[in-house]
Amino acid sequence: MTLDNTWFSEIDPAAGTAFSLKLGEKLVEEQTPFQKIEIYQTETFGKLMVIDGCTMVSTRDNFLYHEMMSHPALFTHPDPKRVVIIGGGDCGTLREVLKHQDIEYALQVEIDERVTRLSEEHFPELCESNDDPRAELYFGDGIEWMARAEPGSVDVVIVDSTDPVGPAEGLFNQAFYESVFRALGEQGILVQQSESPMLHLPILAAMHGAMRAAGFVDTGMINFPQPLYPSGWWSGTLAFKDASLQPRYADVDVEKLNTQYYNADVHRGALAIPNFVRQGLSSEVVDN
Ligand code: SAM
């Protein structure tokens, strides 16, 4: 919501918090069959995409999220070739995935085509790999797609979705994780955006529990800063079919990847779980 015409504020009433950006012009306001999309010019964060009142992407800080949702999982799978992104319609995660030359195929399953078409127009830098011959854009429901996926056909699944309400609600439960488990190969990895460890710890704990109940033998988390999202501290939850996998730090070549945040040291640090988070996740999380 907007407090007045010159500021956008994402208010989280349950947490009693808000994050605000000083706005320039409103560029887009569109109600799609799935959600309301708005795009603003901001004074200091470039362009801002908002879906159903929640901040999604800004020009200035999206690299944090997109790099951390992609590279830690891809540098932990021993030989990732086939990647499926659920959601991710701004295409920033797809761009990061395709920086890995060994990837043969990356499919983005986004429910709302308008998110992608508006991103092509307003965030062209995020969409620069959409024409890569290894990329495929499919517009449909990620829950349905995953339920029909060929068993063992995917190496890494990245769930880059909106919060667990509306069309994304069914991406955060055991039934969906069972579909992902089936679709993944023996060394398959799932990574899913999992909200703020500061504000949403019960959501994270429930995710770890549901992933394990779906058959994953190990779960973990990655932490990273994200000024745009509530509390400024965000997480990805990882689920493994093979508990012996270790990050391939020696393979991280930052010059080739051309990342702004991610490197091997950041990857190591991102796996550290603070005490209160470990406690909140209780027995669901084991050491990374
Ligand atoms: N980085 C963002 C965040 O954490 O808030 C997510 C950005 S991306 C724009 C999220 C996308 O997930 C949206 O475009 C939305 O349409 C898509 N989405 C939500 N539910 C979905 C579903 N069931 N299947 C596929 N895509 C879905």
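Some notes on this structure:
- Any pair with Cβ under 9 angstrom, 6 or more apart, that starts in the range 145-174 at a residue that is more than 14 Å from Gly188 (Cα to Cα) and ends at one that is among the hydroxyl-bearing types (Ser, Thr, Tyr) and surrounded by fewer than 19 Cβ atoms within 10 Å (Cβ to Cβ): Trp145/Tyr138
- Unique match (being surrounded by fewer than 24 Cβ atoms within 10 Å (Cβ to Cβ) and at pLDDT below 95) among Cys54, Cys127: Cys54
- Listing of strands (runs of 3 or more DSSP E) fully contained in the range 3-121 that carry 2 or more residues being near the ligand (Cβ under 10 Å from one of its atoms) and touching a strand residue (DSSP E or B) at 6+ places or on another chain (Cβ under 8 Å): 47-51, 54-58, 82-87, 105-110
- Verdict on Thr44 being without any contact (Cβ under 8 Å) to a residue 60 or more places away in the chain, farther than 16 Å from Gly232 by Cβ and of a type in the set (Ser, Thr, Tyr): no
- Qualifying residue in the range 222-241 (condition: out of contact with any Gly (no Cβ under 6 Å at 6 or more places or on another chain), among the basic types (Lys, Arg) and open to solvent by 20 Å² or more (accessible area, probe 1.4 Å)): no
The values are calculated or read from the model by the stated rules, or taken from the named source; none is laboratory data. Since the model is a prediction, treat every value here as computed from it, not as a measurement. Using ideal geometry, Cβ is built from the backbone for each residue, glycine included, and neighbour counts are taken over all protein chains shown. Surface areas here come from the heavy atoms of the whole protein model, side chains and all, with no ligands, DNA or RNA. Shrake-Rupley method; radii C 1.70, N 1.55, O 1.52, S 1.80 Å.
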